[in-house]
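Quick notes on the structure that follows.
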Amino acid sequence: MTTLRANQRVRISGEAGTVVGRVEEIRPVDDMPELPELGFATAGEFAPKSIMQEFGIERVASISYNATPNAQYLFTAVEIAGEWFDLKRNKLTIEVVGVFQ
């Protein structure tokens, strides 16, 4: 299994098809900050980091890809028990195919 890193070129396959993109950022959930108090909720009531840990999410990756020559998209993938999923928990296969210089 290859470790994903920022600036790697990856092939992502899932329910919606296959695209080639770039890992923009990847980090362990433990390294993510909790949100500060929000006017309507305190960090204890709305704590995304804690929620992700509770769901077993280990890492979060932001990946960009070109859908058309004029449209670039960014999506988030989460790693759970060594497997990657989109935010709807559809399984993804992410394969490193190169590095951007």
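A short reminder: the numbers here are calculations on the coordinates, not readings from a lab. Just so you know, these numbers come straight off a predicted model, no measurement behind them. Because the Cβ atoms are built from the backbone with ideal geometry, glycine has one as well, and the counts that use them run over all protein chains shown.
Calculated over segment 49-92, the projected area of the Cα convex hull averaged across directions stands at 3.4 nm².
Neighbours of Ala16 by Cβ distance under 12 Å: Lys/Arg scored +1, Asp/Glu scored -1, total 0. Put a plus charge on the Cβ of each Lys and Arg, a minus charge on the Cβ of each Asp and Glu, and nothing anywhere else: the dipole of segment 8-99 about its Cα centre is then about 460 debye. Since only Ala77, Ala61, Leu87 are under comparison, the one whose Cα sits farthest along the positive direction of the charge dipole of segment 56-95, derived from C-beta charges on Lys, Arg, Asp and Glu, is Leu87. In segment 8-99, inverting the average of 1/r over every pair of distinct C-alpha atoms gives 14.4 Å as the Kirkwood radius.
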